[in-house]
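This report refers to the structure that appears directly beneath it.
The values are calculated or read from the model by the stated rules, or taken from the named source; none is laboratory data. Bear in mind that the values here come from a model prediction, so they are computed numbers and not experimental data. Positions of Cβ are backbone-derived with ideal geometry, glycine not excepted, and every protein chain shown enters the neighbour counts. Only protein heavy atoms, including side chains, enter the accessible area calculation; ligands, DNA and RNA are left aside. Shrake-Rupley method; radii C 1.70, N 1.55, O 1.52, S 1.80 Å.
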Amino acid sequence: MAGYSREPGLETALQYSVSSFLPPAGTNRCPSDAEEQSIRSAIENACIIRDQYRAEAAQLRAKLAEAEANVAQIEGYILAHRAAISVFRRLPIEVLIVIFQSTLDVEVVRYNVAPRRPWKLSRVCHYWREIVVNCPALWSSFRI
């Protein structure tokens, strides 16, 4: 990680010092006082390395969270700008009304009822609301 450095040589010291103190497999030999001191030192070094990695991981998690927030913000920006140039914004009102009527008719066929819910369409955006509210054909019949 840029701007962050661990104490040099600790990993190497950890690799060589710990392995030399591990008792042979299957024995319970008690280490001598000098070996115990060396083992404690190796453990202390390992704890320092572990704590450094934990701190580095925490910094990386924070950086990742910041990057993900930036990505989400940029995606919102992209979506908003794509919506601004959407082909649907160029459709004439008459075509939108035909589409809206077709949508309401599909509800009737699919559910075998006459829900005719033009107010759902009016919730999409301000522009659609103006069209739906001012189009009597969409409100000619609906079920309560």
Label point distance in nm, VAL87-TRP139, each placed 7 Å from Cα along Cα→Cβ: 3.2 nm
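Could you sort CYS125, CYS135 by accessible area so the largest value comes first, with the probe set to 1.4 Å? Show your work: numbers first, answer last.
Details: CYS125 55, CYS135 10 Å².
Ranked list, largest accessible area first: CYS125, CYS135.
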In a shell of Cβ-Cβ distance under 15 Å around SER38, excluding SER38 itself, what net charge do Lys and Arg (+1) and Asp and Glu (-1) give? -2
Add +1 for every Lys or Arg and -1 for every Asp or Glu among the other residues with Cβ under 14 Å from the Cβ of GLU68, and state the total. 0
Shape call for segment 35-87 from the C-alpha gyration tensor, a ≥ b ≥ c root eigenvalues: rounded (a/c under 1.5), prolate (a/b greater than b/c) or oblate? prolate
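Give the ranking of VAL132, VAL95 by solvent-accessible surface, highest area first, calculated with a 1.4 Å probe. Before the final figure, lay out each step's value.
Details: VAL132 0, VAL95 60 Å².
The most accessible residue leads, giving VAL95, VAL132.
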